[in-house]
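Asks: Encoded as structure tokens, here's the structure I'll be asking about.
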Amino acid sequence: MAEETTVLQTKGLTKRFGSLVAVNNVDFSLRKGEIHALLGENGAGKSTLCNVVYGYYKPDGGEVIVKGKVARITSPKEGMRAGIGMVHQELMLIPNMNVLQNLSLTTDLRVSRPVLELSGIKSKLLTMEETYGLEVDPETQVEDLSVGERQRVEILKCLFIGADILLFDEPTSFLTDIETEKLFVSLKRMTAEGRSIVFVTHHIDEVMQIADRITVMKLGKVIATKMRNEVTQDQLAMLIVGREVVYNVKKLPSEIGKTILKLDDVSADNDLGTPAVRDASFELRMGEILGVAGVAGNGQRELDEIVTGMRKPKSGKVFLDGKDISKETPDRVRAEGVAHICEEHKTGFIYDFSLKDNLVLAPFLAGKFKSGMFLDQGKLKERTRQLLKEYNVMAASEEVPLRTLSGGNKQKFLLARELFWGPRVIVANNPTKGLDVGSAEYIRNQLMKQKSEGKAILMISADLDEILDMSDRIAVMNQGRIAKIVDAKGADLRELATLMTTSSAKK
């Protein structure tokens, strides 16, 4: 393409957080009508680059050039005025307002206050929905929408302000396969009209499906920019992690020991008071990984919460090494030896706390650093520093707020916190969800190492390949019930899919 088709450039763009250089002298360009993927490990600088361009962060060096002119974008509002819209990974909507009300807050940037007049917005919304395939009920409260529907509202907000440069930060992290396919159709319609898209991801398969060009970032720097037809998936993986990636984890030998965790006809409701787990029974033994597979929303989250003490069963019992823990608090369950790698980081962390303070959020863990009535801060700092190094967590120091870490580094730190004290049972809920290939490989190998050392692991995952690769046995959930427990050896995707989706599936 000719140079005049470039609509966005960065030249020497740099952003620091303390001693950490998140974006390091980056040159990047976006052409009119293209989807340009930013690919790299968690913490590579992809999201930070977009946040600087959008005005969310102030750069420490370099230039942003929009449509041939140097732009001084000092806030998201300035970014929007320049025609730049951004769809964040953590969606920024007001949950107790409906779709129309959320859209009304961003329809006119020429005034200094929100526009609350809804006249005409609905008809414009319906036209955009039809044009781009972004269907959503305009009268529905945002808190009642699915994640995919909320994302559509965010995209519509960008279109309402007239954005022709759209930045998507990990847009598929929490979408189903069907929702992802629908999103890709919408993106193609937008670029066909001349809009330009930056697509931030760490999913190589998505890049090969949707991108026109691909820029790979590593440690804050651009290491390659390629046309999609110039590279293979394996070559991209090598660029990202600097070595060959092992997609299938090697199962390490372990000695299967006694039953450590037992569920006996456990039932529980979800947050809405309707049945979520129904008469679930299984045993987990030392030295094995019991995978839990199922279509999202079939009771997996509630099962996780029951085992870790976050949700009390309505009936049935949970036993740990023969002891009834059904009514114990989460901290007492932890003290009995159960670690929890939770699915949502916001559940397990306080983002504005430092890393060292997040290490000891649980009273049981804080007790390991007590000196009299107080925490031994020197001991806590030193142990946190050791864990950051041991688990390869990229952070400036143990004092930085957890929110400054990338998603992959948050997950590594969560793993470090849950393993350093030597639990007997590890409950891992979608432990590699949203991670790049290198981080996912690291997490899986760490869990496999724990199994080989005799720990018992209950692993819930929506990734069936991960379930098959990691598990010794697989419990399939369907409508809140354990439809069947199968040996992972010889099990295949078709069998699991049938058990997950057939309403007549029996235990």
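Read the figures in this text as sums done on the coordinates, not as results from a lab. Just so you know, these numbers come straight off a predicted model, no measurement behind them. Note that each Cβ is placed from the backbone with ideal geometry, even for glycine, and that neighbours are counted across all protein chains shown.
Asks: Residue-wise, which Karplus ³J(HN,Hα) couplings in Hz belong to region 300-317, taking 6.51 cos²θ - 1.76 cosθ + 1.60, θ = phi - 60°, and x for glycine or proline?
Replies: 5, 4, 5, 5, 3, 5, 5, 5, 8, x, 7, 9, 8, x, 6, 8, x, 9
Asks: Same structure again: Around K221, which amide H atoms from residues at least 5 apart in sequence, or from another chain, sit under 5 Å from its own amide H, with H modelled in the peptide plane?
Replies: HN-HN under 5 Å from K221: N24.
Asks: Calculate how many DSSP beta bridges within the chain are antiparallel, expressed in % of all such bridges and rounded to the nearest 5.
Replies: 55
Asks: So for region 3-241, what are the equivalent ellipsoid semi-axes in whole Å, largest first, each being the square root of 5 times an eigenvalue of the Cα gyration tensor?
Replies: So the three semi-axes of region 3-241 are 29, 21, 16 Å.
Asks: Compute the orientation-averaged projected area for the chain from the convex hull of its Cα atoms and round it to one decimal in nm².
Replies: Over every viewing direction, the Cα hull of the chain projects on average to 25.3 nm².
Asks: Run through all the Cα pairs of region 349-422 and give the fraction in each 5 Å bin from 0, expressed as whole percent.
Replies: Spelled out per bin, shortest first, that is 3, 18, 32, 27, 15, 5, 1, 0.
Asks: If you don't mind, there's one more thing I want to ask. Once you have the Cα-Cα distance between Q446 and E63, take 0.36 nm times their residue separation minus that, and quote the gain in nm to one decimal.
Replies: My answer for the length gained is 133.8 nm.
Asks: Tell me the trypsin sites (Lys or Arg not before Pro) within region 38-100 that lie in a loop according to DSSP and have at most 12 other beta-carbon atoms within 10 Å.
Replies: Hits after loop and neighbour filter: R72.
Asks: Where does the chain land at 222 nm, in deg cm²/dmol rounded to the nearest 500, when only DSSP H runs of n ≥ 4 count, each adding -39500 (n - 2.57), divided by all residues?
Replies: Working: 18 runs with 165 residues, N = 507.
One gets -9500 deg cm²/dmol as the mean residue ellipticity at 222 nm.
Asks: Note the full-extension length gain between T131 and R189 as 0.36 nm times their separation in residues minus their Cα-Cα distance, in nm to one decimal.
Replies: That works out to 20.1 nm of additional length.
Asks: Right, another one. Of all DSSP beta bridges in region 3-241, what percent run antiparallel (nearest 5)?
Replies: Values: 22 of 41 bridges.
Around 55 percent antiparallel, to the nearest 5.
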